[in-house]
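One structure below.
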Amino acid sequence: MKRITPYLCINEDVGEIRCLGYLMSLTPNEYEILRAVLDAEEGIDRKGILQKLPEELQISENSIAVHICAINKKVNKMGGKKLIKFDRKIKYYVDDCI
């Protein structure tokens with residue numbers, strides 16, 4: 001298990017992400033999108049996320065924001081904050097201060 005932030009861990013061997021110690025129940029699309037955002041340390045836009053996703057997922061650029069919203073809703077239930085934030089300068093990024 002690889003610790004990303006003090007509150008976020010990923011186990012790529014089994015495809016699990018834990019936030020605040022809780023196992024996140026992510027769809028395959030949400031898991032891959034979150035992995036793409038986590039890999040981009042300097043932030044990433046929707047086009048960049050789309051390029052990092054496996055082709056078999058067949059996700060459109062427009063649906064990425066919907067999946068990020070779903071991820072944030074799940075994390076919000078656990079900790080009351082958004083995990084993935086957006087800034088015009090750095091695009092989508094993972095909030096280290098969840």
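The values are calculated or read from the model by the stated rules, or taken from the named source; none is laboratory data. On a predicted model such as this, the values are computed, not experimentally measured, just so you know. Note that we place each Cβ from the backbone using ideal geometry, even for glycine, and neighbour counts take in every protein chain shown. The area values use the complete protein model at the heavy-atom level, side chains included, leaving out ligands, DNA and RNA. Shrake-Rupley method; radii C 1.70, N 1.55, O 1.52, S 1.80 Å.
Being aliphatic (A, V, I, L, M), open to solvent by 60 Å² or more (accessible area, probe 1.4 Å), within 15 Å of Arg3 (Cα to Cα) and in a strand (DSSP E or B), is that true of even one residue in segment 14-21? No, every residue in segment 14-21 fails to be aliphatic (A, V, I, L, M), open to solvent by 60 Å² or more (accessible area, probe 1.4 Å), within 15 Å of Arg3 (Cα to Cα) and in a strand (DSSP E or B). Quick check: is even one residue across segment 56-67 over 10 Å from the mean Cα position of the chain (by Cα), within 23 Å of Asp87 (Cβ to Cβ) and in contact (Cβ under 8 Å) with a residue 60 or more places away in the chain? Checked segment 56-67: no residue is over 10 Å from the mean Cα position of the chain (by Cα), within 23 Å of Asp87 (Cβ to Cβ) and in contact (Cβ under 8 Å) with a residue 60 or more places away in the chain. Looking only at residues in segment 52-66 that are modelled with pLDDT of 90 or more and either hydrophobic (A, V, I, L, M, F, W, C) or touching an Asp or Glu at 6+ places or on another chain (Cβ under 6 Å) (or both), the one that is most open to solvent (accessible area, probe 1.4 Å) is Val66. Looking across segment 28-51, just one residue is open to solvent by 60 Å² or more (accessible area, probe 1.4 Å) and closer than 18 Å to Lys73 by Cβ, and that is Pro28. The set of residues in segment 32-69 being under 17 Å from Ile90 (Cα atoms) and not in a helix (DSSP H, G or I) consists of Ala40, Glu41, Glu42, Gly43, Ile44, Asp45.
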